[in-house]
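Sharing a structure below in structure tokens format, with a few things to ask.
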Amino acid sequence: MSQHRAGQEARFPALRLTRVARTRSTQDVVLRAAREGAAEGFACLAAEQTAGRGRQGRAWLAPAGSALLASVLLRRSAGVAAGVPFAAGLALVDVLAAGHGVAAELKWPNDVLVGRRKLAGILGEVEPAATDGRRVCIALGIGVNLRVDHFPEGLEAVSLHTLLAKPPAPEVLLVAWGVALGDRIAALERGGIGAILDDWRRHAVGLGGPVSVEGAAGIVDGVAIDVDDDGALLVEASGQTHRFLAGDVHLRTITR
């Protein structure tokens, strides 16, 4: 018998950390654990990744010991799962503001920027083999630049050590993010994605401005006008409104 009433999920638990010095990807560790039956809250924290990945199939590269590199396991209903990318980004914005006085922004759906430079990326991957009819199994990966001195040419990024006299240790930041994530997921459970979208909009960068969105059907240049009730990015281009549930957004500068 379920320990909670129908329609009411248990609160997201405290993270149960597995620490590794080196791995191909923390996502792979968590996805494997999910297939083996690990409970929600299982997390892998790595000092170094040799084949970390970001959104849209990109590699996530960081020198050993220079970044928070972690993944956590979520098991939530399909309705809640749709809002997890937004909750995850907001949770990091919450922690940076409340714990460190850093005002961060969000680029759809959950890249975390400071001064339009990327500080953190978040990736959600569903594990079909561990997903049943009631809950979706998600490996939620997070990468935060903590002490990165140099970035590849052409990459607009920033490291937390240039914003703070003493950036937090990876594990400290991860645990704080896990707590904030629990709060945001609780809001999703109460009211769906609509319960957090207004907060997301308040921190959004790019809405109302020109963007290029690379989606499955190609690249659309237009104006990001809003986020729909299901989290889709709405872009107006050539008199038409395009909806993106997945894609890569590039902020463009207005030229006169």
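The values are calculated or read from the model by the stated rules, or taken from the named source; none is laboratory data. Note that the coordinates shown come from a computational prediction; the quantities given were computed from them, not determined experimentally. Ideal geometry is used to build each Cβ from the backbone, glycine not excepted, and the neighbour counts take in all protein chains shown.
Would you call V175 among the β-branched types (V, I, T), at negative phi and assigned to a helix (DSSP H, G or I)?
yes
May I ask you to verify whether E156 is acidic (D, E), surrounded by fewer than 22 Cβ atoms within 10 Å (Cβ to Cβ) and more than 15 Å from A88 (Cβ to Cβ)?
Criteria met by E156.
Helices (runs of 4 or more DSSP H) wholly in segment 26-140 with at least 3 residues that are touching a His at 6+ places or on another chain (Cβ under 9 Å) and more than 15 Å from A157 (Cα to Cα) - which ones?
Hits in segment 26-140: 84-100.
Of all residues being surrounded by 13 or more Cβ atoms within 10 Å (Cβ to Cβ) and of a type in the set (G, A, S) in segment 210-245, which is farthest from the chain's Cα centre (by Cα)? Just the residue, please.
This residue is A237.
Quick grid of which residues meet (1) over 30 Å from V223 (Cα atoms); (2) crowded, with 22+ Cβ neighbours inside 10 Å:
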site	(1), (2)
D94	no, no
A98	yes, no
R116	no, no
D132	yes, no
I142	no, yes
A165	yes, no
A176	yes, no
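Go through G65, G83, G141 for me and flag whichever is touching a residue at least 60 places away in the same chain (Cβ under 8 Å) and in contact with a Ser or Thr (Cβ under 6 Å, 6 or more places away or on another chain).
Just one listed residue meets the conditions, G141.
Have a look at G194, G218 and point out the one that is modelled with pLDDT under 95 and closer than 26 Å to S77 by Cβ.
Result of the check over G194, G218: G194.
Follow-up. List every residue pair whose Cβ atoms sit under 8 Å apart, with the two residues 6 or more apart in sequence or on different chains, where the first one lies in segment 148-162 and is assigned by TED's automatic domain parsing to the domain that holds A103 and the second, anywhere, is among the acidic types (D, E).
S159/D149
Follow-up question, since we're still on this one. Report, by residue number, each residue of segment 205-225 that is touching a Leu at 6+ places or on another chain (Cβ under 7 Å) and at positive phi.
G206
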